[in-house]
Structures are given as structure tokens and as C-alpha cells.
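Heads up, the thing below is written out as C-alpha cells.
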Ligand code: G4P
């Protein structure tokens, strides 16, 4: 959408009464924001827990349930943060509900809010289906991608095999920063190829404590051989080092920042091996809060603005909303990623979808640690804060101070693959059912589709990326609104928008081309076709070009 438009830096008019909201450079420079992506069970929760242990402050937005032991470590984050002088803001969006894990739209949205991404791989399994899906998003956003191969304390694939998979499937070269020495019971440590130092893990530590590590320069072969105490692994290390130095070109940080080269790490989050090293390298190599593009809604032209974190004014965007996080208070929260300026408690902001002179008071922001919260008085670019949502803040909205009406582009959402009718079996519950559904649809938990010309009275169809999203909707309707619901799944697996409109749909329908395809409308009454498989959609797009079939967009 932004192509072909002029790009201009965003300048704010200097007026006498304008108060600078500029974030201090030091605050911007010490922030690193990351989103961890992985297939369920690769170890996101465990790695997050260990990053906390080693790193300090961490914001975990979106986890409905949180592992108990994680809480214990959070209390000392302030002191660790001060000690290290750096705060890590990690938006972990693994969806975890009643012990089940699946993919959700949230995961995608977390990537929209992050400046760096970490791909977590189970070293025994290599790339898995959801790693692939999520990788597409990081590539679309051109986010720097760091790869951490976890669970090296278990029998693992060869590191070369993992590198090959990443290259073959993602067309992405990797740069091994840490290289493993052995795996499973014989996982002895890692070679830090940047420093040419071997980190040998002396004792395995279960959850909680930090690992004991002994550092030996790679050139001190005698000590290394003695400490590794395994002739085969020692020889392999020498051989690997030579091979890697020969094969891998020097690290090109520009390519890392552009997401074209992934720094590769190996370790075991459970036993703490390699996590601290990973964190230290990530803090060096990860990009700081980035400049983002936006449009100026006041400008008569379609000027694209660049908003850098150093801007004079506060800007941020909503990437997630959630209701009823605290059942006692029935509150609604909007998660805002700060892009520029400083959030200060009680500040008044404009809102991209409201009238220009309407201002909202951001009375109280919260830092979110899973289900725990603490209030924050100031927040800087790169931070994620939870603000009270009076109901008007929706995903993709921009909040801003100053005279320019800034609007960041919408957050991409992904094409749903599951479709199902939902209804309430008890007519007397209808009002609560509608209220709950409206709220969940506002949150973007699922999307709604309806039959053509239905103004809201007909059957409601839900569309989601994964089956679990439906189960969550049903569970939340029950828990939060006390209504039962019935789902009737449909066998379609793909949605395509008809960009050329309803006339084109009628034309294709009259010609008998839409047999076996369901015609529905989205919430803006735009035509959508549902297909049973990719092949059917591709052949219709090919044969009836006037339909202008497009993937999911919002
Ligand atoms: P997720 O958030 O990505 O879904 O993964 P999570 O951290 O919950 O980890 C999934 C399982 O893998 C957990 O086991 C966890 O203990 C284990 N795990 C994580 N990192 C490592 C590692 O480095 N090595 C080994 N061997 N296991 C690891 P679980 O039995 O499902 O849960 P729990 O009983 O340990 O909590």
C-alpha cells in the first residue's frame, strides 16, 4: 500500500505552548524488543523464564495462563534490571488456554509490535509446521531473526542439518554464533565463534539456578581436551571449527538487521545452557526500537511519514485488546506498543479513528507480566503498555500527541482456515450471547462472516486461523457471559475476497462457476468466497480473472 508514495520525515510544528515529549536517547538505546516464535512445545515458556532469570524485566503480554515458577523470578527483576542497565521487553504471544496450545491471531500481532524476532527450534525436530507459518510473518515484516536451537540436552539433529533446513525451506542463510559440542547426555558446551572461546557447562542446573560455566580459549587445546574429556567430541570440535571458518563468510550485520541472515545459537533452556550467552549476543546484535512508517490523516495528499523513536511527540498503536482479564473487575485492556516519545501517566492523546479534537485521558497504564500487572508512570519507545480500553480502541488504532494526526498502517491478519457456525441453544440467552460475541469479535479473537444481505439477524459464522480459537470463544462465552453455545463446523478451508465486488460474484454465479463454493460477506459487506481447497481457488482465479480474488485483508 505504501509503495509509490512519497516518504517524508514527520515534522511537528513548533508552537509556543507545545511541550516536548521526546524520549531520552539513553532510554531508546537500552531497549530491545523481541517476539519469540515457535511451534508449541519447542520451549517458549522455558526460554522466556530463563531470559527473565538472566535478563531482568520482561513483559509477557497475552499468556492466559502462566507457569507458576515463572512468577517467582519476576520479583527480582527490578534489581537485575538496574544491575545490567538494560530492560528487555519481550512480547511472548504463545496462546495457552486451559493447558492447550495453538496458534492464534495474537501471535501474528505480536510480531507487528516487535522489532526483533527469535525463532525457537526443538533441535530434535528441526523446522515444524507452525515455525514455517510464523516465519512467513517475520519475513513479511523484514524483522531481524535470531535462531535458537533448544533442547540440546536431548539427542538432536546435526547442527549442519538444521542449517540446511533453514536454508532450503526459508531461503535464509544462517551464521552460527554459538556452535554445540555434542548433544544429549554428551552436550558439553558451545563454541562462541565471535570470541573464539569455548564455554563448557560444568554442572547441569534444573529450573531456577544459573548454570556454572567454565570458559576456555579455543586455542588452549590442551586444557580443552582435558575438560571436554571425550576424544571424539574434541576432534569433532576442531574439525567443525575449521569447516565453519572456511564455509561461513564473516558476519554481515546489515544482512542480519534486514532479516536476510539469521544468527544461530544452540543451547538448552531447561538446563540453562547457552541462554545467557544468547541473551548477551542478542543485546549486542538486536535492533533498538525502530522507525516506523505512518500516514498523516490531516494531509490532503497521501504522504507517508516516518516516525522515529526520537520524535518530539508520543505515538503508539494498539496491537491487542482483551476483556475480562481480571474477572473481579470486568475490565478491558488495549495493549499499546510505544513507537515514539514518552508515555506519561494521565496524558491526553488523540486517536486515529476519532474526531481530531477528541482527546482520551490515559490515566493508568500497566506493565503486564502474564497475569500479573504493575502500574507504570512512564513508558518509552519499544515498550508495551496495557491501557484501559473504554471500548473505542481497536486493533490497529494509533494514539498520538501533537497536532499531526498520525495513523500507523493496520496490523496484518491472516487468512482463516477454519469456519464454523455458532449459535446459542437457549433463546433466553440471546442477549448475553450477542453481547459476548460482540466483545470477542471486537477483540479480534475470531472473525465474523455472514450470509449475503444479512444485516445481523441471520446465522453467525466464525472464521479463525486455528481450531483452538473456536474453543476459546466457547469457553469465554461460558465463563465470562454464562452462555452456552453450539458450533457447527463447515468443511471449507480457504477464504478469498472478491475485489471486483458483488456484480462480479453474480456474473460468476450465473455462469455456474461457483458450484461447491460458499458465498458470504465480511463485516464490511464485502463479498468473500469460501473454498474447500487451494486447488479450487487457484483454478477459479485462473479461469475467471474478472473476480480479482485476493487473500485475506482487513
Ligand atoms: P512452549 O512454551 O514453546 O510450548 O514450550 P515450553 O517451554 O512449555 O516447553 C515444552 C516442554 O519442553 C516442557 O516440558 C519443557 O520442560 C520442555 N523443555 C523446554 N526446554 C527444554 C530443554 O532445553 N530441554 C529439554 N529436555 N526439555 C525442554 P513438559 O514436560 O511439557 O512440561 P513441564 O512439566 O516441564 O513444565
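Observations on the model:
- Residue in segment 123-132 that is away from the ligand (no atom under 12 Å from the Cβ), farther than 30 Å from residue 230 by Cβ and within 25 Å of the chain's Cα centre (by Cα) present: yes
- In segment 455-472, the residues that are buried (at least 17 other Cβ atoms within 10 Å of the Cβ) and over 10 Å from residue 422 (Cα atoms): 463, 464, 465, 466, 468, 469, 472
- Among the residues of segment 137-161, those identified as buried (at least 22 other Cβ atoms within 10 Å of the Cβ), under 23 Å from residue 245 (Cβ atoms) and within 15 Å of the ligand (Cβ to nearest atom) are 147, 148, 149, 152, 156.
- Applying the condition of being modelled with pLDDT under 95 and buried (at least 18 other Cβ atoms within 10 Å of the Cβ) to segment 484-499 and asking which residue is farthest from residue 435 (Cα to Cα) yields 498.
- The residue of segment 235-282 that is surrounded by the fewest Cβ atoms within 10 Å (Cβ to Cβ), among those that are assigned to a loop (DSSP other than H, G, I, E, B) and away from the ligand (no atom under 14 Å from the Cβ), is 250.
- Within segment 166-181, the set of residues being touching a strand residue (DSSP E or B) at 6+ places or on another chain (Cβ under 8 Å) and farther than 23 Å from residue 34 by Cα comprises 180, 181.
- Among the residues of segment 291-320, those that are within 19 Å of the chain's Cα centre (by Cα) and at pLDDT 90 or above comprise 291, 292, 316, 317, 318.
- Among the residues of segment 524-535, those that are without any contact (Cβ under 8 Å) to a residue 60 or more places away in the chain and buried (at least 18 other Cβ atoms within 10 Å of the Cβ) comprise 529, 531.
- So residue 476, is it closer than 20 Å to residue 415 by Cα and either modelled with pLDDT under 95 or not in a loop (DSSP other than H, G, I, E, B) (or both): no
- Test: residue in segment 363-380 that is modelled with pLDDT of 90 or more and farther than 20 Å from residue 289 by Cα: no
- Residue 157 being modelled with pLDDT of 90 or more and more than 29 Å from the chain's Cα centre (by Cα): no
- Residue within segment 424-442 that is touching a residue at least 40 places away in the same chain (Cβ under 8 Å), surrounded by fewer than 18 Cβ atoms within 10 Å (Cβ to Cβ), at positive phi and in contact with a helix residue (DSSP H, G or I) (Cβ under 8 Å, 6 or more places away or on another chain) present: no
- Subset of segment 380-417 [free of Cβ contacts under 8 Å to residues at least 60 places away in the same chain and either more than 21 Å from residue 363 (Cα to Cα) or not in a strand (DSSP E or B) (or both)]: 390, 391, 392
- Among the residues of segment 321-338, the ones that are at pLDDT 90 or above and either more than 16 Å from the chain's Cα centre (by Cα) or surrounded by fewer than 13 Cβ atoms within 10 Å (Cβ to Cβ) (or both) come to 0 in all.
The values are calculated or read from the model by the stated rules, or taken from the named source; none is laboratory data. Computed from a predicted model, the values in this text were never measured in an experiment. When we count neighbours, we look across all protein chains shown, and the Cβ atoms used for this are built from the backbone with ideal geometry, even at glycine.
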